[in-house]
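Just so it is clear, none of the values below were taken in a lab; they were calculated from the coordinates. All of these numbers come straight from a predicted model, not from anything done at the bench. All Cβ positions, glycine included, derive from the backbone under ideal geometry; neighbour counts span all protein chains shown.
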Amino acid sequence: MANVVPYAFKQGILKGQHDLSVNDGYYLALFTNATPYGASDTSYTSATANQVGTSGTAYTTNGKTCGQGVVAQTGDYTTVDFTTDPTWTSSTITARSGVLYKYVAPGGTTANQYLVAILDFGADITSTSGDFKVTFPSPTAGSPSGSGALLSITGNP
């Protein structure tokens, strides 16, 4: 499976459900399988099967913050990068994929925890009593510049 940006995220941008640069918090949850969600799924829930276990792993249910989004323009690409590459320190974790989603604090409506991207790591990635870090690509990654960013939109030829 390749990385997937759900249809609902693309629609959500136009509906005003996401403020990637100022108000909303975005988190990355880790999973032990490659396909915890698909393109037609809409919202994240901690009840989804195969989330990385919390016992003895330094992992907490729902993952970690990615910090604030940074929206920029690189050539014909409008890109988003996050200020924090989520890191689980001193951890023993095996993960196959990550799910980026809009985080709603406890007490919020989980139906509003909108999916943003499903990241396929391509294979199991393991840390053993060390740091498990997910490094997002630079907003200028790819050729042409910006085309390899974590999230990018282009409409110009």
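Within region 87-154, all pairs of alpha-carbon atoms sorted by distance into 5 Å bins from zero give the percentages 4, 14, 16, 17, 20, 18, 9, 2, 0. Note on region 1-47: percent of Cα-Cα distances in each 5 Å bin, starting at 0 and stopping at the bin with the largest distance, equals 5, 16, 25, 29, 16, 8, 1. The packing ranking, built from the mean of other Cβ atoms within 10 Å per residue, places the peptides 34-43, 7-16, 88-97 in the order 88-97, 34-43, 7-16, highest first. The computed Rg/Rh (Cα atoms, Kirkwood Rh) for the structure shown corresponds, within (1) 1.41; (2) 0.96; (3) 1.13, to (2). Of all aspartates and glutamates in the structure, the ones whose alpha carbon falls short of 19 Å from that of LYS102, not counting any fewer than 8 places away in one chain, are ASP19, ASP24, ASP41, ASP81, ASP85, ASP120.
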